[in-house]
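Colleague: Quick one: structure below, then a few questions.
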């Protein structure tokens, strides 16, 4: 459990953030589209994907494999991406890792 909270299905397994406050390394998956995709199409695709993620049968299947879906608006996802970029840029900087 590498995110900020554990799963009810695994009550004895603490989340990483419970052991190391402030650390959230939850993996995530998304779908991307070309930059020139019309905003109306992006909104429609986002809405349809969020419907699938919210469907009880799909959400149940995801939970069985330890995944919790977080449907987001396009704006919220954009904000999330930039927070992730800032977080991991800082972590990589602290590590001293260099691109080769």
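The values are calculated or read from the model by the stated rules, or taken from the named source; none is laboratory data. Remember, predicted model here, so these are calculated numbers, not experimental data. Cβ placement follows ideal geometry from the backbone for every residue including glycine, while neighbour counts extend to all protein chains displayed.
Colleague: For the condition surrounded by 12 or more Cβ atoms within 10 Å (Cβ to Cβ) and farther than 17 Å from residue 2 by Cβ, what is the one hit in 18, 43?
Modeller: The conditions single out 43.
Colleague: Let me spell it out: the conditions are (1) more than 19 Å from residue 2 (Cβ to Cβ); (2) part of a helix (DSSP H, G or I); (3) in contact with a helix residue (DSSP H, G or I) (Cβ under 9 Å, 6 or more places away or on another chain), and residue 71 meets all of them except one. Which number is the exception?
Modeller: Against the list (1) more than 19 Å from residue 2 (Cβ to Cβ); (2) part of a helix (DSSP H, G or I); (3) in contact with a helix residue (DSSP H, G or I) (Cβ under 9 Å, 6 or more places away or on another chain), residue 71 comes up short only on (2).
Colleague: So, one more: I want to confirm something. Restricting to region 2-15 and keeping residues that are surrounded by fewer than 14 Cβ atoms within 10 Å (Cβ to Cβ) and touching a helix residue (DSSP H, G or I) at 6+ places or on another chain (Cβ under 8 Å), which single residue is modelled with the highest pLDDT?
Modeller: Among residues in region 2-15 that are surrounded by fewer than 14 Cβ atoms within 10 Å (Cβ to Cβ) and touching a helix residue (DSSP H, G or I) at 6+ places or on another chain (Cβ under 8 Å), the one modelled with the highest pLDDT is 9.
Colleague: Now for a separate question. Please enumerate the residues belonging to region 21-59 that are in a helix (DSSP H, G or I), under 16 Å from the mean Cα position of the chain (by Cα) and under 27 Å from residue 87 (Cα atoms).
Modeller: 46, 49, 50, 53
Colleague: Can you find a residue in region 28-51 that is touching a helix residue (DSSP H, G or I) at 6+ places or on another chain (Cβ under 6 Å), free of Cβ contacts under 8 Å to residues at least 40 places away in the same chain and under 27 Å from residue 8 (Cα atoms)?
Modeller: Within region 28-51, none of the residues are touching a helix residue (DSSP H, G or I) at 6+ places or on another chain (Cβ under 6 Å), free of Cβ contacts under 8 Å to residues at least 40 places away in the same chain and under 27 Å from residue 8 (Cα atoms).
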